[in-house]
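J.: Below is one structure. I have some questions about it.
The values are calculated or read from the model by the stated rules, or taken from the named source; none is laboratory data. These numbers were taken from a predicted model, which means no experiment stands behind them. Cβ placement follows ideal geometry from the backbone for every residue including glycine, while neighbour counts extend to all protein chains displayed. All accessible areas refer to the heavy atoms of the entire protein, side chains included, with ligands and DNA or RNA removed. Shrake-Rupley method; radii C 1.70, N 1.55, O 1.52, S 1.80 Å.
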Amino acid sequence: MLEIEKKYRLSPDRRIEIVTYLNEIGAIFVGEDFEENTIYGGDALERTGGIVRIRRTQDRAVLTFKRRVGDQADVKQQVEYETEISDSDAVARILAELDLSPKLIYEKRRKTWTLKTTEVVLDELPFGLFMEIEGSITAIREAEMLLGIDDLETEHETYPRLTATLGTRTGDVIEARFS
């Protein structure tokens, strides 16, 4: 599956404005989650440029593989495979047996809306506020127009790369956690 998304940096005031706009234009609020994301690394992943992640929320855990493909300016495209898992600790042990080890851990508070054919998420991480819009390139552009966000700064870095830069090293793992 190909994931297409665009990410933006937000100020606290702009985040409030966007929530107001989402409500005014009929976006459907899906819900909110607190996530712990663990990114694994190892030789096989470094060769392919891929990542493996276990995302844990209060309700479920998801195993994901992602690998960036192409680069179209400010829109990120990646191959993505996801599956819900019933025992994240067992999957972590399987990954360890495959010589994959945790490299990054970051926490995130996420609120999700559906806007036409896009998914709009507002994320709070220990190092900042962000918005992502996921959908086709055309649908992302339409959502940008509806939200009036043509002046927003696009964030090109992934959360794992931001965590690597802005997180705190604890042993062999770099973490970005809320205090």
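J.: For R109, what accessible surface area do you get with a 1.4 Å probe? Give it in Å², rounded to 10.
T.: R109 exposes around 100 Å² with every protein chain in place.
J.: Can I ask one more? Just how much of K76 is accessible, in Å², when a 1.4 Å probe is used and the result is rounded to the nearest 10?
T.: Accessible area, nearest 10 Å²: 30 Å².
J.: Can you give me the accessible area per residue for region 38-138, using a 1.4 Å probe, in Å²? List each step's numbers first, then the result.
T.: On the way: 5090 Å² over 101 residues.
Normalised by residue count, the accessible surface of region 38-138 is 50 Å².
J.: Let me ask something else. Of (1) 1, 8, 15, 20, 21, 17, 11, 5, 2, 0; (2) 1, 8, 14, 15, 15, 14, 13, 10, 6, 3, 1, 0, 0, 0; (3) 1, 7, 10, 10, 11, 12, 13, 13, 9, 6, 4, 2, 1, 1, 0, which is the value of P(r) over Cα pairs in 5 Å bins from 0, in percent derived from the coordinates here?
T.: Given (1) 1, 8, 15, 20, 21, 17, 11, 5, 2, 0; (2) 1, 8, 14, 15, 15, 14, 13, 10, 6, 3, 1, 0, 0, 0; (3) 1, 7, 10, 10, 11, 12, 13, 13, 9, 6, 4, 2, 1, 1, 0, the calculated one carries the label (1).
J.: Could you pull out every one of the lysines with an alpha carbon less than 22 Å from that of K7, ignoring same-chain neighbours closer than 8 positions?
T.: K66, K76, K108, K111, K116
J.: Heavy atoms of the protein only, probe of 1.4 Å, neighbouring chains included. What is the accessible area of M145 in Å², nearest 10?
T.: Surface open to solvent at M145 totals about 150 Å².
J.: Let me ask something else about it. Given the -39500 (n - 2.57) contribution per DSSP H run of 4+ residues, what per-residue ellipticity at 222 nm results for the chain, rounded to the nearest 500 deg cm²/dmol?
T.: Working: 5 runs with 48 residues, N = 179.
Estimated from H runs of four or more residues: -8000 deg cm²/dmol.
J.: Here's another thing I want to ask about it. Carbon and sulfur atoms: what percent of the 1.4 Å accessible area of the chain do they account for? List each step's numbers first, then the result.
T.: On the way: 4810 of 9670 Å².
Heavy-atom surface of the chain belonging to carbon and sulfur, 1.4 Å probe: 50 percent.
J.: Mind ordering 21-27, 159-165 by average Cβ neighbours within 10 Å, highest first? Numbers along the way, then the final one.
T.: Values: 21-27: 15.1, 159-165: 18.1.
The peptides rank, most packed first, as 159-165, 21-27.
J.: Next question, about the same structure. Report, in degrees rounded to the nearest 10, the 0 to 90 angle that the Cα long axis of helix 12-24 makes with the longest principal axis of the chain.
T.: With rounding to tens, the tilt is 60 degrees.
J.: If Lys and Arg each add +1 and Asp and Glu each add -1, what is the summed charge of the other residues whose beta carbon sits under 11 Å from the beta carbon of Q58? If you can, show how the numbers build up before the last one.
T.: On the way: positive: R56, R60; negative: E32, D33, E35, E36, D59.
With Lys, Arg at +1 and Asp, Glu at -1, the net is -3.
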